Every structure is written in structure tokens, then in C-alpha cells.
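Only one structure is covered here, and it is reproduced in the block below.
Coordinate-derived values only; no laboratory data. What you see is a predicted model, and the numbers here were worked out from it, not measured in a lab. All Cβ positions, glycine included, derive from the backbone under ideal geometry; neighbour counts span all protein chains shown.
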Ligand SMILES: Nc1ncnc2c1ncn2[C@@H]1O[C@H](COP(=O)(O)OP(=O)(O)OP(=O)(O)O)[C@@H](O)[C@H]1O
Ligand SMILES: [Mg+2]
């Protein structure tokens with residue numbers, strides 16, 4: 001196997017292409033975390049008293065919580081006192097896109113985000129979050145015609161306090177877990193979406209998150225509410241500059257689906273994964289949860305996870321409404337020294353609820369990739385059904401794939417199926433491609449795209465193309 | 001077209017090829033026969049560039065290029081094709097996508113544009129028909145769940161698509177029923193011309209009834225010990241390898 005090793009070592013990894021840093025004038029909060037930090041953020045955002053109280057309560061709770069260590073991850077402890085919790089571009093309150101800091105615009109241009117209205121013919125409405133602040137939300141007026149609210153969460157706090165007050169923390173309670181509690185205390189900004197009754201959102205809604213400032217954490221928060229019989233497809237993308245130190249990203253996403261409503265939430269996560277030696281990279285500790293409150297509602301999570309040094313993420317569904325449906329489609333790639341512990345929770349509490357889990361792990365280099373999933377069927381959840389498919393693909397023999405499925409079935413009428421496979425892209429397969437004139441990188445890309453097809457097919461078309469490229473890029477230099 | 005000079009190769013320190021000399025010219029068909037384990041597949045793997053095998057001595061020239069210095073994919077793009085004795089299954093990658101990528105790589109190497117989708121489909125249909133594979137196989141994953149015979153037909157289909165200069169067929173006849181054998185052999189004959197060459201590895205005369213060799217070699221214990229015309233194959237069919245082994249035992 002020394003041949004493999006040589007090969008692995010000889011080919012250098014593809015450099016992270018999104019690793020540039022922008023020179024933007026920013027207001028950054030003093031480093032460290034205390035009650036004052038929380039007050040500072042709240043004041044910066046001119047928040048109402050109730051929200052400050054909510055944050056402070058969360059901060060008190062967080063202080064009493066221990067950092068979790070049950071996940072299959074090994075990373076240096078986070079020093080919460082060495083991070084700045086808030087950074088915002090100096091000039092703000094934009095009346096039109098023309099007022100946007102040209103540097104910020106250049107940043108988003110580099111990321112290929114269509115900020116300008118004319119580019120939005122592509123039919124994607126974008127909210128862009130740079131470090132802590134939502135910079136601009138496009139296509140707002142068109143959406144408003146249908147009564148759709150798509151804005152930054154800070155704006156929603158002022159413009160639609162009744163909705164925010166009602167639903168903020170309703171799906172992920174303040175004390176849910178260590179990182180979500182921290183987020184409640186110091187969350188900076190994020191997106192807010194409300195789709196009124198009976199409205200089918202006419203375009204993809206999208207948010208791009210980017211961490212730019214040094215020594216900052218990003219704590220964004222997204223809240224999406226789909227009222228009765230509405231539909232929305234939402235996509236988030238994430239990148240960060242290349243840095244030697246680790247940066248913390250602890251987001252919370254809450255989804256609420258009412259009767260017959262459907263939310264499709266897709267993520268293409270490409271935070272800086274650290275370099276080839278495992279230096280730097282984002283710690284991605286994210287809590288994402290959707291509540292199918294109404295009967296016949298549906299929430300579908302699709303994620304393509306290629307970035308971050310450490311990922312800790314379990315997009316989940318609470319299937320409360322009868323006949324509600326939860327789905328989780330995931331491709332998680334780890335290369336070099338990346339570690340991912342990701343999966344989902346499907347909590348069946350309503351009758352005749354259904355869930356489907358399709359998880360495709362891809363490990364390369366010296367990385368570790370774990371799937372962790374819980375399917376719980378409560379006593380009263382008559383006729384619940386779940387199907388789980390957890391596949392692992394290994395490139396080379398120095399990486400690891402692990403599957404931790406948990407089942408808690410309290411109702412005998414439940415029908416739960418689980419399938420798991422592990423396969424390896426070995427020398428034999430690669431040689432077959434090469435003998436036909438196809439180089440190793442292309443071979444891996446073809447195999448991986450085929451393997452991940454079921455998940456990629458869930459993405460909106462234009463993002464599926466992007467995600468495929470991303471998969472190939474993140475695995476370059478990993479074959480052996 | 002191909003010159004192999006005093007080729008020695010080993011795997012995990014064990015010498016397998018012990019001084020192969022072989023010259024193949026354009027427009028000819030060579031057959032290699034020989035007992036199990038004599039090194040036939042090893043020879044084809046070394047020519048194709050499998051990295052497990054270490055070449056300890058000798059040279060391989062292919063159309064004036066020292067291919068021992070080339071990566072396997074570069075050799076393939078130069079026009080070297082190996083129909084595998086045991087074609088591998090590739091789940092999740094369709095035959096159509098696979099061969100499209102391969103054809104485009106070869107075309108790119110020749111400085112040609114990629115074929116248009118319609119031209120490509122036409123070509124695929126034509127070549128699939130040539131080896132008796134139905135259209136629906138193009139959508140299926142490469143070799144996944146294929147019968148032994150279908151896998152071998154698929155190898156020849158790929159050969160037909162890529163139109164290589166030198167094709168090495170490693171026991172393409174094994175596992176084929178009589179009809180399939182004829183189809184595959186006719187396919188090869190249809191592809192044969194004055195510009196290309198074939199190296200056919202087989203244990204059986206019956207393939208050579210269809211693909212008539214210009215030269216027949218016997219490989220024994222890592223060396224080519226006999227070379228003759230097609231009658232040599234007939235003699236082997238008739239008498240087996242005992243006489244060859246007897247004659248060359250001392251050298252081994
Ligand atoms: N990967 C390997 N490791 C160890 N020995 C090997 C390996 N590959 C081939 N050999 C040995 O090399 C010798 C030649 O094998 P090879 O497959 O080339 O024979 P062959 O002539 O093609 O035989 P057959 O007619 O059975 O196909 C055999 O003794 C075999 O065991
Ligand atoms: Mg053999």
C-alpha cells in the first residue's frame with residue numbers, strides 16, 4: 001500500500017478558491033464574551049427590550065451548560081473569550097444597491113453571487129450576510145407583491161415583531177444545546193422569510209454567508225415560516241477566507257410549516273476547510289430544525305457539505321402534523337484532516353407521518369466522516385414510516401467512515417427500514433478509468449457525482465451544477 | 001508500432017516477466033498463448049501501465065514513444081487499449097457517460113473537438129449494434145450487474161468507440177458462448193485495418209478460427225519461448241503445452 005501513500009502525498013490538494021480577504025471598513029466588537037457583549041450587540045441593532053431580555057436569559061443559560069463531547073470529533077477547545085462576536089461593514093442602511101460598499105460588492109462578485117437586479121433574471125432572490133450583518137436583500141419588491149416577506153432578521157424584528165416574537169426560539173428552544181444557546185445570546189443577523197397562506201414563492205430564495213473579518217465568529221440565525229398551503233425553496237451558501245486560526249460558526253435555523261405547506265431548504269456549505277496539514281478552517285456547529293406543525297406539511301433538507309474543519313450538524317424534522325413528511329438528503333465530503341459528524345433527527349409525533357433519510361458520506365485523505373441519525377416514533381404516532389439509506393464511500397485507506405443510527409420506536413405500528421453500505425474507490429477502479437484515457441481526478445469526480453446523484457437531484461438545477469463542481473474540487477488530490 | 005525489448009517486471013519482489021522481446025507492426029494480429037500463470041496478463045498490465053508492477057529492466061516503445069515514462073491515461077490517449085480479462089464494475093457511472101468522457105479525452109489529445117451529442121449518440125448506437133449490445137445498456141452503470149459475456153462485449157464496444165492503434169485482448173473469449181464469440185470476433189475483424197494492430201491473449205484455438213493471427217507466441221514462465229505462424233496455435237490445441245515445457249524447462 002506504500003504506492004497509495006506515495007500517490008496521496010505526491011499530489012497536492014487543490015487550493016481553496018474562496019480564500020481571499022476583502023478590505024472592508026468594519027466595526028468590530030471588542031474581543032471576548034460577557035453580558036456587556038450581549039448588550040453591545042443588541043444596542044448596535046437598536047433592538048427592543050424584549051429581545052435584549054431574551055438574549056440575556058440565553059446567555060445566563062449558556063454559562064451553566066457544558067460543551068458537548070459525545071460527537072465523534074477531535075478538535076482543540078474553542079476559546080470563547082478570544083473571539084469577537086460582532087463585525088459589521090461601517091456604512092449601512094442602504095436605500096438601493098448603488099449604495100453598497102464597492103468592496104463588498106466586489107466580494108460578492110468574486111463569489112459569483114448575482115447581487116445586481118439585472119442578474120436576477122436567473123430567478124433567485126438573494127440575502128447576503130457578511131460577517132454579522134445582512135448587507136442587502138434583493139428582489140424584495142417583486143416578492144412583496146405576493147405578500148412574501150424576505151429580509152434580514154434584524155429588519156424583521158422591527159418591521160414584523162409579532163411574527164418574530166411568536167416563532168423565534170419556537171422550534172429550537174433557547175436551552176436546546178450549548179451552541180444554540182450561545183447563538184441565542186449573541187446572534188448577529190440572518191434571514192427572515194414569511195410566505196403567506198396559499199402562496200407559492202415564485203423564485204428560489206437564497207442567502208450567502210461569508211465570514212470576512214479576522215478573529216470573529218459568525219452567529220447567524222434564520223427563521224422561515226410557511227403558512228397554510230404555501231411553498232418555498234430556500235438555499236444557503238457559505239464561504240470564508242483562508243486563515244491559519246480556526247473560526248467559529250454557530251448558526252441556528254428554524255423552519256415552521258403549517259397545514260399543507262412545504263419548505264425545501266438546501267445548503268451548499270463550503271466554509272474554509274483548513275489547509276492540507278489541517279491548519280485553520282471553520283468550526284461549523286449548527287442547529288437546524290424544522291417543525292411540521294400542520295397536517296400534510298412537508299419539510300425537506302438537502303445539504304452538500306464540503307467545507308469546514310469540523311462539522312457538527314443535524315438538520316432535523318419534528319413531524320407533529322398528521323400525514324406530515326420529513327426528508328433529509330445529505331452529501332458530506334471530508335478530505336485531508338476534516339472531520340464531520342452530521343446526520344439528522346426525525347421525530348414522529350403525528351399520525352401517519354413519514355420520513356426519508358438519504359445520507360452519502362465521502363471520506364478522503366486522513367479525514368473522519370460520521371453519520372449520526374435518530375429516528376424516534378412516539379407512542380401516539382400511529383402508522384409512522386421511515387426509510388433510511390446511509391452510504392459511505394472511501395477514497396484511500398487512511399480515512400474513516402462511521403455510521404451511528406439510533407432508533408427509538410414506541411409505537412408497534414411503525415414501519416422503519418434502514419440500509420447501509422460502504423464502498424471504496426480502489427486502485428482497480430481507477431486503473432480502469434485511466435486505461436480508457438480518463439485521469440484520476442476526472443474519474444473520482446464521475447464516481448462521486450454518480451454516487452451522490454440522488455442527493456444532487458434534490459437541488460435546484462443551477463445549484464446542482466455548482467455543487468457537482470464543488471464536490472470534484474474538494475476531492476482533488478485525494479485519490480490513491 | 002510496438003517494440004518490447006528485454007522486459008523484466010516483478011510484483012512484490014517476485015519476478016514475473018523475465019526478458020520479453022516482442023515486435024508488433026501495424027496491420028498485424030499477434031496471438032499470445034501459454035499456460036496459466038505464465039505472465040500473459042502481467043505483460044498486458046505492464047504495457048498498459050499498472051503501477052503495482054515494477055519494471056526492473058527493458059524498454060517498451062509505442063510509435064516511437066518510450067511509454068514506460070507515461071501515465072496509464074497518457075498511454076491510452078496515445079492509442080493503447082486493453083480489453084480486460086476481468087472488467088470491473090463501476091456503480092453510479094453510466095456506460096454512456098463513461099465512454100463519452102473517454103472518447104473526448106482521446107479526441108482532446110489528438111487536438112479534435114468534442115463530438116456533438118447527436119453525433120456521439122449515433123456513434124454509440126452503431127458500435128453497440130456491432131457487438132450485439134442493446135441500447136438500454138448505455139444507460140446502465142458500467143458493467144454493474146452485467147453477465148460475464150456482456151462485460152466482454154462491453155470491452156469490445158469501448159474498443160470500437162475509441163478506435164485505438166493497438167488493442168490488447170486479454171482472454172476476451174473466455175466466458176463467451178459460441179454466438180457471442182462469433183459476434184465479438186466479427187466486431188474485431190470489422191475494426192481491423194492496415195493502421196492498427198491487435199494482440200490477442202487466449203487459451204483456445206476457437207477464437208483464432210475467427211480472428212486469424214499473423215504471428216503466434218507462446219509465453220512460458222515469463223519468457224516468449226516459441227514464435228510461429230497460425231499453425232503453432234493448432235499444434236498447441238492438439239498437443240498441449242507439455243512439449244513446450246519439456247523443451248524449455250532447463251532455462252526456467
Ligand atoms: N498482484 C499479484 N501479487 C502476487 N502475484 C501476482 C500478482 N499478479 C500476478 N501474480 C502472479 O504472477 C504470475 C503471472 O500471472 P498472470 O496473471 O500474468 O498469468 P496469466 O498468464 O495471465 O494466467 P491466466 O492464463 O491464468 O490468466 C502468477 O504466478 C500470479 O500468481
Ligand atoms: Mg491472465
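Entry note, chain B: relative contact order of 27 percent, from Cα contacts under 8 Å with a spacing of 6+ residues. In chain B, the longest principal axis of the Cα atoms and the axis of helix B:230-239 are about 70 degrees apart. Here the Gaussian network model covers chain B, with springs between Cα atoms less than 10 Å apart; of B:16, B:47, B:88, B:88 fluctuates the most.
Taking a label point 7 Å from the Cα of residue B:212 along the Cα→Cβ vector, which residues of region B:18-36 have an amide N closer than 15 Å to it? Correct set: B:28-31.
Distance between the modelled labels on residue B:107 and residue A:140, one decimal in nanometres: 4.9 nm (7 Å Cα→Cβ projection).
Between residue B:126 and residue B:147, the FRET efficiency from the beta-carbon distance, with R0 = 25 Å, is close to 0.65.
Computed from the Cβ-Cβ distance with R0 of 22 Å, the FRET efficiency linking residue A:419 to residue A:465 stands at 0.15. Taking Cα atoms only, the orientation of helix B:148-162 departs from the longest principal axis of chain B by about 70 degrees. Sorting A:382-388, A:269-275, A:65-71, A:399-405 by average packing, meaning the other beta carbons within 10 Å per residue, from highest down gives A:269-275, A:382-388, A:399-405, A:65-71.
The length gained by stretching the chain between residue A:82 and residue A:165 to full extension, at 0.36 nm per residue less their Cα-Cα distance, is 26.8 nm. Ordering of B:99-108, A:412-421, A:361-370 by packing is A:361-370, B:99-108, A:412-421, highest average first (other Cβ atoms within 10 Å, averaged per residue). Placing pseudo-labels 7 Å out from each Cα toward the beta carbon at residue B:136 and residue A:200 gives an inter-label distance of 3.3 nm. Per-residue extension of 0.36 nm, minus the Cα-Cα distance of residue A:406 and residue A:52, leaves a gain of 123.7 nm for this segment.
Using C-alpha pairs below 8 Å separated by at least 6 residues, the relative contact order for region A:270-427 is 18 percent. On the beta carbon distance between residue B:119 and residue A:453, with R0 = 22 Å, the FRET formula returns roughly 0.30. What the Cα convex hull of region B:91-246 gives, in volume per residue, is 137 Å³.
Here is the P(r) of the protein assembly as shown: all C-alpha pair distances, binned every 10 Å from 0, give 3, 13, 21, 20, 15, 11, 9, 6, 2, 0, 0 in whole percents.
Here the scattering of region B:42-173 is modelled by Debye summation over its C-alpha atoms, one equal scatterer each and no solvent; at q = 0.09 Å⁻¹ the log10 of I(q)/I(0) is -0.27.
Full extension of the chain between residue B:68 and residue B:5 gives 21.5 nm of extra length, using 0.36 nm per residue less the Cα-Cα distance.
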